[in-house]
Structure formats: C-alpha cells, structure tokens
1. Tally time: how many residues in segment 84-106 are open to solvent by less than 20 Å² (accessible area, probe 1.4 Å) and at pLDDT 95 or above?
2. Given the criterion in contact with a Pro (Cβ under 7 Å, 6 or more places away or on another chain) and either surrounded by fewer than 22 Cβ atoms within 10 Å (Cβ to Cβ) or not in a loop (DSSP other than H, G, I, E, B) (or both), identify the matching residue among 74, 81, 65.
3. Tell me, which residue of segment 143-175 that is small (Gly, Ala, Ser) and surrounded by fewer than 21 Cβ atoms within 10 Å (Cβ to Cβ) is farthest from residue 43 (Cα to Cα)?
4. For segment 37-56, indicate whether the set of residues that are within 16 Å of residue 116 (Cβ to Cβ) and either touching a helix residue (DSSP H, G or I) at 6+ places or on another chain (Cβ under 8 Å) or outside any helix (DSSP H, G or I) (or both) is non-empty.
5. Is it the case, given these coordinates, that residue 120 is over 21 Å from residue 11 (Cα atoms) and either over 18 Å from the mean Cα position of the chain (by Cα) or open to solvent by 10 Å² or more (accessible area, probe 1.4 Å) (or both)?
6. Please identify the pairs in which a residue from segment 69-86 that is over 15 Å from residue 108 (Cβ atoms) has its Cβ atom under 6 Å from the Cβ atom of a residue that is of a type outside the set (D, E, K, R) and in a loop (DSSP other than H, G, I, E, B), counting only partners at least 6 apart or on another chain.
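The values are calculated or read from the model by the stated rules, or taken from the named source; none is laboratory data. What you see is a predicted model; the values in this text were computed from it and never measured. Backbone-built Cβ (ideal geometry, glycine too); neighbour counts: all protein chains shown. Keep in mind that these areas ignore ligands, DNA and RNA; they rest on the heavy atoms of the full protein, side chains included. Shrake-Rupley method; radii C 1.70, N 1.55, O 1.52, S 1.80 Å.
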Amino acid sequence: MFIERPATLLRRIYPQALWRMNHRQRSVYLTFDDGPIPQATPFILDILDEFGIKATFFMVGENAVRHPHLLDEVRRRGHRVGNHSYNHLGGFQSFSGQYIANARKAEDILQTGRLFRPPHGWMSPIQYRRMLADSWRIVMWDVLSRDYNSNVSPAQVFDNVRRYTRPGSIITFHDSLKSIDKLRIILPDIITWLKSQGYDFDLL
C-alpha cells in the first residue's frame, strides 16, 4: 500500500531515483501522471495558466497517440513532458527487456529526454538497474496526493499535500478520470495554499 510520503525502504531500493529536489530552496514540483486525456488535462492546464505556474506531465504513450493535440498543447504552454510507459505497464507484470522496450516505444512518441516515472512507482531491481544503464532519469515523488483513490475525499487530498509538503517536494497528482472530479474542487485551493506558504513552482 502506498503512503503519502514514500518510506525509507523504497528510497533504498531505488537510491539513484529522484525523490526530492533541493531542500534548501523553497520550491515545489507539481507532476501529473497517466494522461493526457480530454476529460482532465485541459482543465489542469487552464488552472496552471491561471496561476502562472508550470508542471511536469508524465504521459502514457498510447494516450498521447490518441490525443496528440494535448501532447502538443502541454508543450505549447511551457510544461515539461515525462515518460510513464506506453500503456501503463507494471514492472512486475513484464520481463526486463519488455519493460524497457515499452518505455522506448513511448519515448519515440513523447521525446522526453528519457525522463521516466514507473507506473505504480514500482519496478524490479533488474529493471531499475537496466533503466539506469540505458541512461534513463527515474523520477519518483516526495508527496503522493492519492487523488486517484475513491476512498480519499477532496479534503483528504488537500490535507495530504498540506501535511507532507516541504521544500523540494515532488508532488504527484493525476490527470485521469479517477482524479479529475477531486482536482476540479481542490487544485486551485492547493495551489493557493502553496503560494501562501511562500513556495515557488519549478520544473524537474
């Protein structure tokens, strides 16, 4: 079961993954996983524009193939694109060669510079080592909002961010059908609160 802030054990399993940015700078890094989809991504882009901030979108390759205009729009608005595999392939559901081939297939479409976040935040130790050897930059998170969880309310999503965010935090949301109803309610409030705490918003 995932928790809002990753356990020390997870960080030890993937020690060269990026979990948190510079803690000496009062910045946070907003990330959105699993899109792009028309039901969620445009709303998030509009909110980010309204506040004048940038984020990183870890996209599923097949979603970008279905909605190439959204891939282009994310870049046009100055955000960064990351790789989240071609079809949200889980590490423990595939062999290492298959897993890396899946990421490369998505990379051909997304052109991220090999910025990769593993689906579900997991991959086997062999896959992890092979990804590093293949020059991938692996990005995890410091705060998991849990906006995708049907048992977590919008208020709890907000509380997760408020409770666990610290300087350098990489905060994970989702531009997905499971999350968008909550984000419509609380994403502007979360950004407003982060700004009130003096945080800047940077790109990975």
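1. The total comes to 6.
2. Values: 81 fails: in contact with a Pro (Cβ under 7 Å, 6 or more places away or on another chain); 65 fails: in contact with a Pro (Cβ under 7 Å, 6 or more places away or on another chain).
Checking each option against the conditions leaves just 74.
3. Filtering segment 143-175 down to residues small (Gly, Ala, Ser) leaves 145, 150, 153, 155, 168-169.
From what's left, surrounded by fewer than 21 Cβ atoms within 10 Å (Cβ to Cβ): 150, 153, 155, 168.
Working: 150: 20, 153: 19, 155: 19, 168: 25 Å.
The residue in question is 168.
4. First, pick out the residues of segment 37-56 that are within 16 Å of residue 116 (Cβ to Cβ): 56.
So of that shortlist, the ones also either touching a helix residue (DSSP H, G or I) at 6+ places or on another chain (Cβ under 8 Å) or outside any helix (DSSP H, G or I) (or both) come out as 56.
Yes.
5. Values: over 21 Å from residue 11 (Cα atoms): no; either over 18 Å from the mean Cα position of the chain (by Cα) or open to solvent by 10 Å² or more (accessible area, probe 1.4 Å) (or both): yes.
Answer is no for this residue.
6. 70/36; 79/55; 80/203
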